[in-house]
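Remarks on the structure that follows.
What follows is calculated from the coordinates using simple rules that are stated; it is not laboratory data. This structure is a prediction, so every number in the text was calculated from the model and none was measured. Because the Cβ atoms are built from the backbone with ideal geometry, glycine has one as well, and the counts that use them run over all protein chains shown.
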Amino acid sequence: MSSRRRMLLKVIILGDSGVGKTSLMNQYVNRKFSNQYKATIGADFLTKEVQFEDRLFTLQIWDTAGQERFQSLGVAFYRGADCCVLAYDVNVMKSFDNLNNWREEFLIQAAPSDPENFPFVVLGNKIDVDGGNSRVVSEKKAKAWCASKGNIPYFETSAKEGFNVEAAFECIAKNALKNEPEEEIYLPDTIDVAGGGRQQRSSGCEC
Amino acid sequence: MMSEVAQDEEKWLGAGIAGLQQNAFYMHRALDSNNLRDALKYSAQMLSELRTSRLSPHKYYELYMRAFDELRKLEMFFKEETRRGCSIVDLYELVQHAGNILPRLYLLCTVGSVYIKSKEAPAKDVLKDLVEMCRGIQHPVRGLFLRSYLSQVSRDKLPDIGSEYEGDADTVVDAVEFVLQNFTEMNKLWVRMQHQGPAREKEKREKERSELRDLVGKNLHVLSQIEGVDLEMYKETVLPRVLEQVVNCKDELAQYYLMDCIIQVFPDEYHLQTLETLLGAYPQLQPSVDVKTVLSQLMERLSNYAASSAEALPEFLQVEAFAKLNNAIGKVIEAQVDMPVAGAVTLYSSLLTFTLHVHPDRLDYVDQVLGACVKKLSGKGKLEDSRATKQIVALLSAPLEKYNDIMTALKLSNYPRVMEYLDNGTNKVMAVVIIQSIMKNNTCVSTADKVEALFELIKGLIKDLDGTFDDELDEEDFKEEQNSVARLIQMLYSDDPEEMFKIICTVRKHILTGGPKRLPFTAPPLVFSALKLVRRLQGQDENVVGEEALATPKKIFQFLNQIIEALSTVPTPELALRLYLQCAEAANDSDLEPVAYEFFTQAYILYEEEISDSKAQVTAIHLIIGTLQRMHVFGVENRDTLTHKATGYSAKLLKKPDQCRAVYACSHLFWVDDQDSVKDGERVLLCLKRALRIANAAQQMTNATRGGSGSVTLFVEILNKYLYFFEKGNPQVNIAAIQGLIELITTEMQSDTSTQDPAADAFFASTLRYIQFQKQKGGVIGEKYEPIKV
Ligand SMILES: Nc1nc2c(ncn2[C@@H]2O[C@H](COP(=O)(O)OP(=O)(O)OP(=O)(O)O)[C@@H](O)[C@H]2O)c(=O)[nH]1
Ligand SMILES: [Mg+2]
């Protein structure tokens, strides 16, 4: 069972609206990019098979809505994440400033047992814009922040040009794999060899 | 503390999770031992936990996510099974035996996704089958989650352009059809939810519905992500079908949310190319829907799009976006009769922002929007709704911010008409905003016509509107406002003197309506502005100006006289006196003796008739003396008259020390360094002697009242005057007089009755030091001072 579980790596991408979360995922999974902005609603995942040290893994990448009003159901899907990707737009200061909120919110909601060592990866996206002339967050500044949060790996990417996306996700997968799975060890009170389980409770209707 | 309901819910969720985990445990064991039958059995039991009706959507989502994660393991197992030779078709059949429908459908969807992946059947058939079967669940929460599960697992298996599932049998159309159908069903479940359960729980239900909204909206996101959904298909199929659903469901929450989703989820180009269809839906929405917000969001998005790339602009023109939006807003406002004014104004404000972004060169559009706004506001009198007022301020500020130039706003004929609807307070706020814009951008308002328009616009600050003075107004605020008007007046400028004079006349016309409270603020800057013009003209050759010129110094002085005269209504004689003296000095520089004389006469009249406070008199007399001293335009006769009066006033001041100081100051009126004609040593000495007598009298008065002698400061001051004229070569001021004065002071200071005055002592000491210093200088000065003994 644990082997089956370990074949699936769950990754969550967080960040402000418009920083390019969906674009990064699409570039990585489908090698496609569109200039059009289409807001994400709720949470949504794509999967990608990755090979790693001769083993095949399924990367389950959850893309989320950066706009709060499109996240009405809450964040139950954070549960069981193996790695959290924090994305910002190097051309928008606010999106960088908000990384801290996203990180903290994730740690509170996902409540990993060892928050200090939970793997994060930070992506500074859209470095292609205006040949880099409109960027407002320097690499140095971003790296300093990452260092202060326990040496979070940092990548500068362009979903548009596919720059560094592959490398970033390779690192994401590697870190997800390193994360010790938090299996809620479940032991039934009595192991019913016959496999009766419990009586169906009568709540709910007949459907 | 947690409410009882929430506590119960926690309990139920806990029980659900426990049940789920227990069955998952057995399911895992079955999976590990490749026991398909048990795996199906326990997974079905596990999924039964999702049959609960007791959880709110949030909690249900938690339970669902756990089941979801477990199902991924099952899915992998199914894949392995098929690899081991188990027929996927058989599997698909097999899971249909699960006893309960909800677990059965979850299992079917899970197998179905593997089925599609195996390509043993066309994706569209499997998808169609699944989406139909899900009809079996009519409970809204369970149905919505089940369908969102279906959507999720099929997400990467939709036959899309370039996807591996695209083929002869499967096309994008099928994918779209599938998602649309799922969307329609989900929306129905969602809308129906409000009618279920007791009426008293309506509020709770609405909250739950709101939480569930993303499950429905998600379908639109999926649609937008299908690459095959090109503009053509969006226009022909997707948008009409979605809008049909939105309009027909007649549900306020759904309509508001889904319109928002459509706008956010699909790309800007699509919106532009389908504006008519999209906008056509708005008037059909329920009257309670907050159309203005959604419509504003659309315009905001389009504005950003226009701002983001220059290439987008031709598109806007091509589809006549402005006309369509303008039209749609008109229709919405018409259709929603109950829409509050604030709502309508918000819409216009958004449209204006859009216009400013997309068509910055089209002032006529901007004016049209303002005009439409006027139409909506007309007949309702002044606005009382504070939100609407705020919106109007935003509306009127937008062009100022965009163009950074009030001149542009002045070209908008409807601009002042919109302002009419503001209450007086807000009207003033807006006027201040306008002035600030001018200050910030250093806007040059350079013609009288523009000034006229501008003052019309800011009339709220210029005069009491409706003829009533607002007593409520805070004194500080009032000062602030009027000071900003004053600053504005200083900013008005034309290079052409003629035009400048016209500007000044225009301003005068307006500020004269401002009444006595405002004039003290507004008159001085205008006076100085006119004086500046006079200075400019001084540099010019009379002949160049020409005969018929309006702007001659003489005319301007006439004008100035009138302005200052107006201040008498306030009345503020001290201010008027200062201004008269300023004018006199300017007339002096223009070589206009009669004019200068006239200004002095005016100042004297004020002094005699209006200024009664003794302190104010002292200040005024020193101003008069100072100004008069600098005048060189006067002939002997005029000068004599004026100086005579000035010395007369000085001697009549209330307090002796004031008298004394004013009188010795007058000595300078008879001895002007750079005017050879004014060097009357005799009269200088007369002044000084008179000052001495007054100082003496002052001294005796203090002796009499306090029984001791007063300070010697006045004597030391007079001594300094003596030294000044001595040095300047006034023959009447001689060594003997100086010597006598020094001795007098020394004796006074030594008498035991004298009051201690360290300042006077120091003053005297430093005066003596000065004499000493001059003596040591040698040369002509040294010789001159030599005989003085200290
Ligand atoms: N130039 C450039 N544009 C990008 C890049 N990545 C994304 N974009 C554009 O940025 C916009 C937003 O991208 P999305 O991927 O939709 O952003 P998001 O973070 O998913 O936004 P939400 O779904 O609202 O949270 C789109 O118009 C993309 O085309 C990039 O690397 N370079
Ligand atoms: Mg997104």
Say a paramagnetic label sat at a point 7 Å from the Cα of A:VAL129, along Cα to Cβ; which residues of the range A:15-51 have their backbone N under 17 Å from it?
A:15-25, A:34-40
Just want to confirm a number: the relative contact order over the range A:2-178, from Cα pairs under 8 angstrom separated by 6+ residues, in percent.
27 percent
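Quick one: work out Rg over Rh on the C-alpha atoms of the range A:129-169, Rh as Kirkwood radius. Let's see the in-between values first.
Working: Rg = 11.5 Å, Rh = 11.4 Å.
Dividing the radius of gyration by the Kirkwood radius yields 1.01.
Could you work out the mean projected area of the convex hull around the alpha carbons of the range B:614-713, in square nanometres to one decimal? Present the calculation step by step, with values, prior to reporting the outcome.
Values: hull surface 26.2 nm².
If you wrap the Cα atoms of the range B:614-713 in a convex hull and average its projections, you get 6.6 nm².
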For B:LYS124, the lysines lying under 18 Å Cα to Cα, once residues fewer than eight places off in the same chain are dropped, come out as B:LYS157
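Using a 10 Å cut-off around each Cβ of peptide A:68-81, what is the average number of partner chain Cβ atoms that fall inside? Write down the numbers at each step before the final one.
Working: counts 0, 7, 10, 1, 11, 15, 8, 4, 10, 6, 1, 5, 3, 0.
The mean count of partner-chain Cβ atoms within 10 Å per residue comes to 6.
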For B:VAL337, A:VAL29, A:VAL92, which order do you get if you count the other beta carbons within 10 Å of each Cβ and list the fewest first?
B:VAL337, A:VAL29, A:VAL92
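Which value, in debye to the nearest 20, describes the size of the charge dipole of the protein assembly as shown about its Cα centre when Lys and Arg Cβ atoms bear +1, Asp and Glu Cβ atoms bear -1, and nothing else is charged? Show your work: numbers first, answer last.
Values: 114 positive and 139 negative charges, 300 e Å.
About 1440 debye.
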Determine, for B:HIS622, B:HIS28, B:HIS644, the number of other Cβ atoms within 10 Å of each Cβ, and report the residues in order from fewest to most.
B:HIS644, B:HIS622, B:HIS28
What would the Debye formula give as log10 I(q)/I(0) at q = 0.09, 0.17 Å⁻¹ for the alpha-carbon point model of the range B:399-528, no solvent?
-0.23, -0.88
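Provide a whole-number value for the mean count of partner chain Cβ atoms within 10 Å of the Cβ atoms in peptide A:40-51.
Shielding by partners across A:40-51 averages 4.
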Of B:SER87, B:LEU47, B:ILE101, which is farthest on the positive side of the dipole of the range B:1-118, counting Cα position, with +1 on Lys and Arg Cβ, -1 on Asp and Glu Cβ, and the Cα centre as origin?
B:SER87
Would you please state the base-10 log of I(q)/I(0) at q = 0.10, 0.12, 0.16 1/Å for the range B:423-602, with intensities from the Debye formula using one equal scatterer on every alpha carbon?
-0.40, -0.58, -0.97
Enumerate the lysines that B:LYS41 could reach by cross-link, defined here as Cα to Cα under 20 Å, with residues fewer than 8 away along the same chain left out.
B:LYS73, B:LYS79
Of the lysine pairs in the range B:286-414, how many meet both conditions: Cα atoms under 19 Å apart, and a spacing of 8 or more in sequence or different chains?
16
Within the protein assembly as shown, the percent of DSSP beta bridges that are antiparallel, given to the nearest 5, stands at 40 percent
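At 0.692 mPa s and 37 °C, plugging the Kirkwood radius over alpha-carbon pairs of the range B:58-174 into Stokes-Einstein gives what diffusion coefficient in µm²/s? Let's see the in-between values first.
Details: Rh = 14.7 Å.
In µm²/s, the coefficient is 224.
Only helical DSSP H runs with n ≥ 4 go in: add -39500 (n - 2.57) per run for the protein assembly as shown, normalise by residue count and round the 222 nm mean residue ellipticity to 500 deg cm²/dmol. The partial results should precede the final answer.
Working: 45 runs with 629 residues, N = 997.
-20500 deg cm²/dmol, from helical runs alone.
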Rg and Dmax in Å for the range B:139-194, alpha carbons only: what are they?
13.1, 43
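How high is the relative contact order of chain B, in percent, with contacts defined as C-alpha pairs under 8 Å that are six or more residues apart? Could the numbers behind the result be given before it?
Numbers: 878 pairs, mean separation 34.6, N = 790.
With pairs under 8 Å counted, the relative contact order is 4 percent.
Based on Cα coordinates alone, diagonalise the gyration tensor for the range A:67-161, multiply each eigenvalue by 5, take square roots, and list the semi-axes in whole Å, largest first. All intermediate terms of the calculation are to be shown ahead of the outcome.
Values: eigenvalues 122, 54, 24 Å².
Equivalent ellipsoid semi-axes, largest first: 25, 16, 11 Å.
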May I ask you to list the lysines whose Cα is less than 20 Å away from that of B:LYS207, ignoring any residue fewer than eight positions away on the same chain?
B:LYS59, B:LYS188, B:LYS218, B:LYS250
Three-way shape call for the range B:329-432 based on the alpha-carbon gyration tensor, with the a/c threshold at 1.5
oblate
Cβ-based charge dipole, the protein assembly as shown, positive-most Cα from B:SER568, B:ILE333, B:GLN732:
B:GLN732
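DSSP loop (so not H, G, I, E, B), at most 16 other Cβ within 10 Å: list which trypsin sites (Lys or Arg not before Pro) in the range B:82-124 pass both filters. Intermediate results must be reported in sequence, preceding the final value.
On the way: sites: B:ARG83, B:ARG84, B:ARG104, B:LYS117, B:LYS119, B:LYS124; in loops: B:ARG84, B:LYS119.
In loop regions of the range B:82-124 (DSSP not H, G, I, E or B), the sparsely surrounded trypsin sites (Lys or Arg not before Pro) are B:ARG84, B:LYS119.
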Long pairs among B:LYS117/B:LYS235; A:LYS32/A:LYS141; A:LYS32/B:LYS204; A:LYS38/B:LYS440, criterion Cα-Cα beyond 32 Å:
A:LYS32/B:LYS204; A:LYS38/B:LYS440
Hull volume in cubic angstrom per residue (convex hull over the Cα atoms of the range B:379-476):
118 Å³
Distance from the range B:497-536 to the range B:9-31 (C-alpha centre basis), Å
86 Å
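Can you compute the charge dipole magnitude of the range B:1-118 about its Cα centre, using +1 on each Lys and Arg Cβ and -1 on each Asp and Glu Cβ, nothing else charged? Give it in debye, rounded to the nearest 20. Each step should come with its number before you reach the end.
Numbers: 15 positive and 15 negative charges, 64 e Å.
Once rounded to the nearest 20, the dipole reads 300 debye.
Counting only Cα atoms, I'd like the Rg/Rh figure for the range B:1-118, Kirkwood definition for Rh.
Values: Rg = 15.4 Å, Rh = 14.8 Å.
Here Rg/Rh amounts to 1.04.
Take the eigenvalues of the Cα gyration tensor for chain B, scale each by 5, and report the square roots as semi-axes in whole Å, largest first.
On the way: eigenvalues 1770, 222, 110 Å².
Each semi-axis is the square root of five times an eigenvalue, giving 94, 33, 23 Å.
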Lys/Arg +1, Asp/Glu -1 at C-beta; the range B:122-266 dipole; positive extreme among B:GLN181, B:LEU158, B:GLY136:
B:GLY136
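From the gyration tensor of the Cα coordinates in the range A:2-178, what semi-axes in whole Å does the equivalent ellipsoid have, largest first, with each one equal to sqrt(5λ)?
Details: eigenvalues 106, 66, 59 Å².
The equivalent ellipsoid of the range A:2-178 has semi-axes of 23, 18, 17 Å.
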Whole number please: convex hull volume per residue, Cα atoms of the range B:636-790, in Å³.
104 Å³
Cα centre as origin, Lys/Arg/Asp/Glu Cβ charges: chain B dipole, Debye:
1740 debye
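Report, to two decimal places, the Cα Rg of the protein assembly as shown normalised by 2.2 N^0.38 Å (N = number of residues). Could you put the intermediate results ahead of the total?
Working: Rg = 44.8 Å, N = 997, 2.2 N^0.38 = 30.3 Å.
Dividing the Cα radius of gyration by 2.2 N^0.38 Å gives 1.48.
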Counting other beta carbons within 10 Å of each residue's own, what order do A:LEU14, B:LEU422 fall into, fewest first?
B:LEU422, A:LEU14
